[in-house]
1. With 5 Å bins from zero, work out the P(r) of region 95-289 over every alpha carbon pair and list the percent per bin.
2. Would you mind checking Lys164/Lys551; Lys110/Lys398; Lys191/Lys369; Lys202/Lys411; Lys164/Lys374; Lys374/Lys405 for any pair whose Cα atoms are more than 32 angstrom apart?
3. Sort 102-112, 174-184 by packing, meaning the average of other beta carbons within 10 Å per residue, with the highest value first.
4. Would you mind calculating the gained length between Asp155 and Ile221 on full extension (0.36 nm times residue separation, minus the Cα-Cα distance), in nm to one decimal?
5. If packing is taken as the average count of other Cβ atoms within 10 Å, what order do 496-505, 235-244 fall into, highest mean first?
6. Consider all pairwise Cα distances in region 134-181 and report the whole-number % of them above 14 Å.
7. From Cα pairs below 8 angstrom and at least 6 apart in sequence, can you work out the relative contact order of region 95-289, rounded to a whole percent?
8. Of the peptides 333-341, 528-536, 125-133, how do they stack up when ordered by the mean number of other Cβ atoms within 10 Å, highest first?
Amino acid sequence: MDKSLDKPQNEKTGVKFDILSTARTYIKLISCWVAIWGLGYYKFSPSWVAFGAIGYMAYSRAYEKRNLVSSVMRTITEDEKASVIKNIGSHELPAWVYFPDIERAEWLNKVVQRMWPYITEYVNKVLVVTVQPAVNANLPSSLQPFLFLRTDLGDAPPRIGGIKVYVEESIQRDEIIMDVDLMLYSDARIKVSVGKIVAGVKDFELRGTLRISLKPLVSQIPFVGAVTVCFLDNPYINFLLTHMGNILTMPGVQQTLYRTVQDTVSSLCVLPNRISVPLVNNVILEQIRFPSAQGAIRVEVISASNLVSADVNLVGQSSSDPYCVVRVGAEKFVTKVISRTLSPTWNECFEAIVDQRMGQSVIIEVWDKDASSKDDELGLTTIPIEEVYLRGQINSVKMLEGVKKGKVHMKVTWLDLSPNASDFAAVEQARRASSAEKAIFNSYLFVRVEQGRNLMVNFFCILDQSLNLLNNYCSRVRLRFLQEPSPYCVLQIGNVVQNTVVREKTQNPIWESPHHFLFSNPDIQTLNIEIRDSKLEVVLGTLAIPLKHLKAEKNMTVTQPYVLQAAGPDNATLYLHLELRALVPGPDRRPHQDREPMDSRNSEEASALSSPLATTFGNSRESLAQPSPDRHSPPSPQTENVVRHRNGGSK
């Protein structure tokens, strides 16, 4: 079709938008003057004008920043090639340009774009025909009816920025693992009504690295037993609310809403959490959903130096109030805040379970704490977990990326999961010798809560009545009755508490819920479990398992039912699978010729900070003082993804 035929229509559209923009500007000015006149007429304090101006400026700044991020994501989503050409001078090239093992998938993007209208139509039918009746069935009558008033997924389909397929020898022969750089800037418009309340969502944005696992491979159509998907790290998520949902966009409330959405996504599909879909009947889904952890990682955040000054002082030198945020998959750790310094010393230690080391990274962010405003970022750095696994330990000072200056000193150690009970004595000795301000963990427990049986609400209501015929003597009448429970489990070791999901109205719930615990000493600690009813918040049964008993089991692994205490009239039981492991520092797995000699500049520092665990087990460690990255060199794929996720696709 000749594009010249569309020109008059485009000109009319442009004139229309100009008129609307001009009218909107005049309406804002008139509203502003009316508000100022009203403040003076009703004799309000002039400080209200200042507060209003400051609030409006803050809102405008946030709105402009979001529009900038959205425009960048829209450009990348609509035309990646044009975005690459536009940003080629700013080192904003996508990962597939720098890294040849990350392949483009332009053909797949074209296929999805052509199929998108039909996918949209299918999703609309599912929402109206399946989701809407299901929601109405579970809503109280006061909130009914629940209706989808509008379900438009928009014209912009998801886009794949690059795909990496793992073919290393560590991958099993019956599985295929892919990492997909997923980008979505959706002009979707979804509007719902709950009773008389109308709310909606628009301009949904998402970007993250999605891991797709095809396992096991089978010799029947579709040749894949199950598909498992998850995000390697927390994805970037943003959206706008409409109608009554605008109430939630107020400052403070909006951050809480975004944090809640982020935490929900993290608990569903960020490692170690997964979504598994079986494709054939004879697949054991437990082995796919709950694979054994590959190990653990210990991150010691020691210090930082030459940080950027984020707080400008009128008197004296400028400084910052720095603290660190350490991220490993869905896990997040925060150090203490060191006030008024550019060279803080934290000396804090954190451990996290590594479900899959390939493609994951340890992300260390340095922030400046601000009590009255949003915290300022002072830079970040990443370390690939696969590299830590090969080296055993990395002890280095790394330049912070995204800022002009700043270094952070860290020590990252790979920990193998040992099924030998004899290893606990050595790791306990090393734990006591550690100089970290926070005690390190040396034990790991994997708990799979499988199912419960004969769970019944059993409680007593005591009624006190004054009987005048018996000279005001109080008789106590005990009432007992049973009710179908909605149970969930609360698991606790020390101060760490985890919950399962709620199973509605059943005495025999099936949870199949995995839980990971890191702790210090299995000889003195206990796994405590309570089963509660979510409706009445009463206890359906309790269980206490001394962890030292697992050390006597074969491979420190147990799968059996446990009889609950303080339960109902029948023998209530809980089926558990338990695995106890010792955290043992891993060796240097690199070939001997690939091992680097210890840098003499950092040899003294490395020896002073050498891990007591390595000394105890006799593992040789090397201080890997890595050179500072060139500001004009291509970033690591992990760092690039982190920066793009944080900024919505643009550094």
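1. Bin by bin from 0 Å, the calculated values are 1, 7, 10, 13, 18, 18, 14, 9, 5, 3, 1, 0.
2. Cα-Cα > 32 Å for Lys164/Lys551; Lys110/Lys398; Lys191/Lys369; Lys202/Lys411; Lys164/Lys374; rest within.
3. 174-184, 102-112
4. Contour length minus the Cα-Cα distance gives 20.5 nm.
5. On the way: 496-505: 14.8, 235-244: 17.3.
The most tightly packed comes first, giving 235-244, 496-505.
6. Numbers: 810 of 1128 pairs.
Roughly 72 percent, once rounded to a whole number.
7. 16
8. Result, highest mean first: 528-536, 333-341, 125-133.
Read-outs: derived from the displayed coordinates by stated rules, not from any lab. Since the structure is predicted, the reported quantities are computational estimates derived from the model, not experimental observations. Neighbour counts are summed over all protein chains in view; Cβ atoms, including those assigned to glycine, are modelled from backbone coordinates with ideal geometry.
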